[in-house]
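Student: Before I ask anything, let me first share the structure, which is written out below as structure tokens.
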Amino acid sequence: MKRERIYAIFMVAIMALASGCGNIEDTDKTETAVIEGSASETVETENSDVIDKKTVEPESSSTEAKDIDSMIVEKDDSELDMKAYHYSMEDRTFCDDGEDVFGAVFFDESNLTNYVTTGKVPIYAQNGVRIGYANEDVDIIVMGTYGDWCRFYLDKDIRYARISDIEADAITMDERDAIKEEEAKKQESTVKTEKPNEATPVEPPVVDNTDTSVVSESVEQPTTSDKYTPEEAMAVYRSLMEAGGITWNPALKDGGSWGTGFMYLDKGYPEWAASSSLESFAIGNHGGASWTEFYFEVTGSDEECVYYTMWAE
């Protein structure tokens, strides 16, 4: 009986031991599974970081552009108290409101295109508010581009505009220069074939030599030329411009619209040029504002032409 009791106790101890090892073994498996699971999650997290960097970073620029567009304030004309300036119609009271939405982006200064407006182009202040329009026949010298946006100086102030808006109502300066060159060639061809208002030679008076009471005198035939001197040509042009109501104003040299040109010395041509200029001044900047002042300086001359720089306002 005593043996059986000892044997029973021994068996219980063995069973308890076996049961205890099983718990330890299960615990080890559980801990191993947890460690392995954590390692797997870490790897997946690290891989996802790599993927995110590869896919998100290239989109940062487009996201930034969308953010700028979302900060643009499209003021209606009825909300603006626009005033006429030399190159624009705009409401400058909005220029200093809010933050500089364009200051946080990089404007590319390479491969820039310059334009001449042929219509009204919407312009924006640095805070993204549309404040008015650039006038027609205004040079836009682009300083940098960012997406569809560009920045430029307008009457000494930095303004911004969408390139798509500019291209809808402007031509490039290269296109403008090509048009002017073609017009100059046509004008030159016309003047060379048709000299307007050629001088009529002066006939000497007739002297009746049969009348003995009249002393016969030799009449000197005045010398005539079919050309003006450069000074005479520009003097004729200026006098006719002033006679047409255009005021001579040397102060325009400090800020007026300007251009270079030439004038043939053939008599009649300065008269024709003045008549043509008066028509152009009446049109002005094609926006209904006529030019009423002018100034020019002669830059050179040859046997055929006088060359000058002219300002108008």
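The values are calculated or read from the model by the stated rules, or taken from the named source; none is laboratory data. None of the values given here were measured: they were computed from a predicted structure. Backbone-built Cβ (ideal geometry, glycine too); neighbour counts: all protein chains shown.
Student: In the stretch 155-170, what residues are among the β-branched types (Val, Ile, Thr), over 23 Å from GLY255 (Cα atoms) and out of contact with any Cys (no Cβ under 6 Å at 6 or more places or on another chain)?
Tutor: ILE166
Student: May I pose another question? Is it true that LYS180 is under 23 Å from HIS86 (Cβ atoms) and modelled with pLDDT under 90?
Tutor: Here the answer is yes, as LYS180 does meet what is asked.
Student: What are the residues in the stretch 263-281 that are surrounded by 13 or more Cβ atoms within 10 Å (Cβ to Cβ) and either touching a Ser or Thr at 6+ places or on another chain (Cβ under 9 Å) or polar (S, T, N, Q) (or both), if any?
Tutor: Listed by number, the residues that qualify are LEU265, LYS267, ALA274, SER275, SER277, PHE281.
Student: Then there is this: Restricting attention to the stretch 264-313, report how many residues are of a type in the set (Val, Ile, Thr) and touching a helix residue (DSSP H, G or I) at 6+ places or on another chain (Cβ under 8 Å).
Tutor: The qualifying residues number 3.
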